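Read through the structure below, which is laid out as structure tokens, and then see the notes.
The values are calculated or read from the model by the stated rules, or taken from the named source; none is laboratory data. The shown structure was predicted, so the numbers you read here are calculated from the model rather than taken from an experiment. All Cβ positions, even for glycine, are placed from backbone atoms using ideal geometry, and neighbour counts span all protein chains on display.
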């Protein structure tokens, strides 16, 4: 069910276009609704930012663990290379 028929809608839009005071009153009304919605939007935004901060902290922890593992593996490969070199040298290969 429409709140306005076409004639009323055209009249409203014409008044909006041609009456500065009416346009200012409509603007204030719309801005008031937007202002009323801000607290909920801020709560939602704050929650999302907190989630992103938590995700970033987890990513940093995972990256630190990965770097530590990579260093350990690099050392292990170096040790294996050293041992393999000793084996080949002692067997005369």
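Residues satisfying the criterion are present in region 18-36 (criterion: over 38 Å from the mean Cα position of the chain (by Cα) and either modelled with pLDDT under 95 or in a loop (DSSP other than H, G, I, E, B) (or both)).
Name, by its number, the condition in (1) loosely packed, with under 10 Cβ neighbours inside 10 Å; (2) in contact with a helix residue (DSSP H, G or I) (Cβ under 7 Å, 6 or more places away or on another chain) that does not hold for residue 4. Here residue 4 meets the rest and fails (1).
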